[in-house]
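Report on one structure; see the data block that follows.
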Amino acid sequence: MFKFKIKRYFFNSIFSLWTLIRWTVISLAVGIIVGGTCTFFAFVLLKANALRDLYPMIAIGLPAAGLIIVFLYKNFQNKDDLGTNLIIASIRNSTDIPFRMAPMIFISTALTQLCGGSAGREGAAIQLGGCLGNTLGKLFHLNSDDRHIITMCGMSAGFSALFGTPMAAAVFSLEVISVGIMHYSALVPCVIASFTAHFIGLAFHIPPEYFPVSFIPEITILGFGKMILFGAVIGGISILFCICLHYSEVLYHKFFENPYIRIFTGGCFIMGLVGLFQTDVYLGSGISLISSIFEDGYRVGFEAFLLKIIFTTLTIAAGFKGGEIVPSFCIGAAFGCASASLLGMPSTLAAACGMVGLFCGVTNCPITSLLISFELFGFEGMPYYLVTIAVSYMLSGYYGLYRAQKIMYSKYKTQYVHKTTHQ
């Protein structure tokens with residue numbers, strides 16, 4: 001009996017070691033390929049935004065850029081574009097991700113950013129990485145279960161290379177698929193792919209995002225109570241953002257059935273808003289506004305987060321490409337900055353709490369949100385970030401950005417619910 005146990009332990013150890021070696025090799029390949037691709041993608045987006053900053057009149061071309069995007073998808077994609085939802089659905093349902101999705105999202109996101117569409121980049125990187133990971137899985141002749149893992153590796157690598165938060169990126173792909181269930185079998189591969197892509201980004205001088213929080217006071221009982229209320233409001237704003245995205249899309253499709261007319265009209269709406277409010281600060285992903293809040297002490301009013309919601313929903317629902325993650329950061333930062341005086345706390349700290357709280361509310365990923373807070377702002381403000389994230393997660397209900405995401409366990413009780421997120 002003792003010899004049998006020793007033999008079984010020996011074979012289990014050999015199998016575990018072989019699994020580690022196998023996935024290390026595969027994950028390194030994914031990290032290198034996806035990391036290299038997304039590093040080039042980040043470089044292109046940086047140049048596109050720099051060009052628009054240098055020549056602001058480029059933004060007038062947004063409606064025309066929309067026509068090019070629709071033409072590309074109509075003629076080369078040959079199927080409905082579901083974006084990140086397609087990546088999530090492929091992991092759960094073993095559906096195929098066509099390779100042509102990768103160049104489509106690359107080109108269309110670059111065009112959207114160049115002309116000032118209010119869309120992000122991380123969502124595009126997740127789609128790009130997931131698509132490349134899935135393609136590599138087919139090239140490596142992996143079975144369906146292993147292709148799920150390699151797709152998650154690609155998602156993590158894309159997020160990490162573009163935003164420079166490897167810990168959060170590694171966990172995000174595990175957490176976002178099925179809320180309440182973590183796919184720990186993919187933990188080591190996603191960690192290796194994420195950090196490999198991160199190092200590639202650093203090697204090519206893609207700077208990781210970091211926002212300095214000027215001063216973090218010691219949290220008090222009163223401050224703790226304020227953060228609970230703040231987290232509750234942030235949870236409500238995350239619901240508002242998701243609802244606006246959904247109904248904007250419904251209204252666009254109702255009144256403009258033709259995709260060319262729809263996206264051209266959406267671009268005209270954005271240009272009309274720029275003229276109406278006499279500002280271009282809400283164009284683009286919103287990263288410049290976030291940087292101004294943290295680095296230049298720029299203060300905004302409560303109208304800022306509402307305007308960013310409007311610009312983003314009109315852009316994405318019309319059919320422009322990118323993602324919702326950085327715009328959600330911007331919305332949260334703007335609301336936090338505007339709320340700082342009411343909370344009696346530094347504007348940068350309130351903005352940081354708003355960023356991670358809103359990200360959690362719209363993605364339903366509290367662990368990822370906490371890791372992002374550490375990587376973007378440092379560990380010192382952890383009590384503030386944790387309270388905001390926890391309350392926002394609970395009170396955002398079953399809403400979310402991704403309709404393919406599943407809420408497996410209730411947010412309110414220890415009960416299996418298996419709900420699809422609302423929008």
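The values are calculated or read from the model by the stated rules, or taken from the named source; none is laboratory data. Note that the structure is a prediction, hence the values are computed from the model and not measured. Here the Cβ positions follow ideal geometry from the backbone for every residue, glycine too, while neighbour counts run over all protein chains shown. Side chains are part of the model used for accessible areas, which takes the heavy atoms of the whole protein and leaves out ligands, DNA and RNA. Shrake-Rupley method; radii C 1.70, N 1.55, O 1.52, S 1.80 Å.
Things worth noting here:
- Conditions (1) β-branched (Val, Ile, Thr); (2) open to solvent by 10 Å² or more (accessible area, probe 1.4 Å); (3) not in a helix (DSSP H, G or I): number failed by residue 97: (2)
- Considering 200, 239, 234, the condition of being part of a helix (DSSP H, G or I), within 30 Å of residue 29 (Cα to Cα) and at pLDDT 95 or above is satisfied by 200 alone.
- Those residues of region 335-356 which are touching a residue at least 40 places away in the same chain (Cβ under 8 Å) and closer than 19 Å to residue 123 by Cβ, in sequence order: 355
- Here is the figure for region 249-258: residues that are within 19 Å of residue 402 (Cα to Cα), over 20 Å from the mean Cα position of the chain (by Cα) and not aromatic (Phe, Trp, Tyr) total 3.
- Criterion (open to solvent by 20 Å² or more (accessible area, probe 1.4 Å), in contact with a Phe, Trp or Tyr (Cβ under 6 Å, 6 or more places away or on another chain) and in a helix (DSSP H, G or I)) met by exactly one of 135, 112: 135
- Every test in (1) surrounded by 14 or more Cβ atoms within 10 Å (Cβ to Cβ); (2) farther than 16 Å from residue 316 by Cα; (3) in contact with a Pro (Cβ under 8 Å, 6 or more places away or on another chain) is passed by residue 285 save one, and that test is (2).
- Condition broken by residue 420, with the remaining ones in (1) surrounded by 20 or more Cβ atoms within 10 Å (Cβ to Cβ); (2) modelled with pLDDT under 95 satisfied: (1)
- Filtered by the rule that a residue be part of a loop (DSSP other than H, G, I, E, B) and touching a residue at least 60 places away in the same chain (Cβ under 8 Å), region 370-409 gives 378, 380, 381, 396, 397, 400, 401, 402, 403, 404, 405.
- Residue identified as open to solvent by 30 Å² or more (accessible area, probe 1.4 Å), under 28 Å from residue 405 (Cα atoms), over 16 Å from the mean Cα position of the chain (by Cα) and at pLDDT 95 or above among 28, 67: 28
- Subset of region 353-367 (residues that are closer than 15 Å to residue 382 by Cβ and either within 16 Å of the chain's Cα centre (by Cα) or open to solvent by 10 Å² or more (accessible area, probe 1.4 Å) (or both)): 355, 356, 357, 360, 366, 367
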